[in-house]
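Okay, so here's the structure we're looking at.
The values are calculated or read from the model by the stated rules, or taken from the named source; none is laboratory data. Computed from a predicted structure; not experimentally measured. Virtual Cβ from ideal backbone geometry, glycine too; neighbours counted across all protein chains shown. Each accessible area value is taken on the protein alone, full model and side chains, heavy atoms only, with ligands, DNA and RNA left out. Shrake-Rupley method; radii C 1.70, N 1.55, O 1.52, S 1.80 Å.
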Amino acid sequence: MWNFNIPDEPPALPFHALPFHLQMPPSAQAPAPPAPPAPPGPAPLNIPPTPNSGYYPSTSRAAQIHASATCTDISATDSSNSGNTPAVRTVDASLNVLMFKSPVVKIILDDGAAYYVHKESLVSLSLEWQRHVDNSMKEGLTGEMLLREVDEGTFQSFLKWTYVHEYAMQHEDANDSPLQHIKLYVLADRFNIAELRTLSFRKLRLFIKKSSTNLTSWTPTMAVEAARYAIDSLPKVTDHLVQYLLRYIAWILPKVRDMPEFASLIREHADVAITLLQLAQPTQEPPWADPKWDHDSTP
């Protein structure tokens, strides 16, 4: 057994071994200059750290954007918790915190609303975003970009996904949810963001499946309007989401075939009519089996 005799305190140095400035009596030592006052800044965020996320509260603009997106997604309460505390969702551990050091880009929507987004976060999404914000043209030189045909709710959902790779609908009205998913899908397709396109399509598909037995939250009229928006906003009718919506309309065809909105859609988009004909089921009986055709004369 090793036995080390460790003193409680290290031995004091003799006076002559001390540094010169410590050999002077306290009265001869120059007083330390006062520390400069700290510049005023924003109030600190009162947000607890998210478990396993590596994120801690900060007063920086980057942390405020990150915290805002996270807080919106954890607003629901956990029913299994008797204390009724917020159900905290773990932020993706792969979050690139170095993007918060990058300069910001001013994104201006059609209604004039402006958002400041870290350039690195946009450049990392796709080559299309990189071409828009990191170039030698006006957008890249001024750090401003005008984003057409995107409403504020859709862009806010996009920002949430950009920073935490998840999003929630801005509107509480459940009837607006499917169209919001489609709008986000269109934005993702516009900038070729495959991951966001997949997520928004999955959320739309789950909503339609869940609402198929409750036609108050997903009516045939809403289905036709959603299909029209997708067809008008996406480059091809063969798009995955458009084909899914048209297949759903073919399934509820008896409910929509007499609607003026459906007739207008067919009249303006011949390729939609062709797709629906391809999806339509054949009749169960030949025409001569129907008694109304069992005569020679025309009416």
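For the reader, a short list of remarks on this structure follows.
- Reported count of residues in segment 116-128, each being under 13 Å from VAL104 (Cα atoms) and crowded, with 18+ Cβ neighbours inside 10 Å, is 7.
- Per this entry, ALA223 is not counted among residues that are modelled with pLDDT of 95 or more and of a type in the set (Gly, Ala, Ser).
- Taking segment 208-299 and the helices (runs of 4 or more DSSP H) fully enclosed by it, the elements with 1 or more residues that are under 24 Å from GLU149 (Cβ atoms) are at 220-233, 240-251, 260-268, 270-279.
- Condition met for VAL186 (in contact with a Leu (Cβ under 8 Å, 6 or more places away or on another chain), of a type in the set (A, V, I, L, M) and open to solvent by 10 Å² or more (accessible area, probe 1.4 Å)): yes
Okay, residues lined up against (1) open to solvent by less than 70 Å² (accessible area, probe 1.4 Å); (2) farther than 19 Å from ALA113 by Cα; (3) at pLDDT 80 or above:
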| residue | (1), (2), (3) |
| --- | --- |
| GLN130 | yes, yes, yes |
| GLY143 | yes, no, yes |
| LEU147 | yes, no, yes |
| GLY153 | yes, no, yes |
| VAL164 | yes, yes, yes |
| TYR167 | yes, yes, yes |
| ASP176 | yes, yes, no |
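- Some residue of segment 148-157 being more than 17 Å from the chain's Cα centre (by Cα) and more than 30 Å from LYS209 (Cβ to Cβ): yes
- Evaluation of ASN214 against the conditions (1) modelled with pLDDT under 90; (2) in contact with a helix residue (DSSP H, G or I) (Cβ under 9 Å, 6 or more places away or on another chain); (3) under 20 Å from SER177 (Cβ atoms) shows that the sole unmet condition is (2).
- Of the residues making up segment 202-224, those that are open to solvent by less than 20 Å² (accessible area, probe 1.4 Å) and not small (Gly, Ala, Ser) are LEU204, ILE208, TRP218, VAL224.
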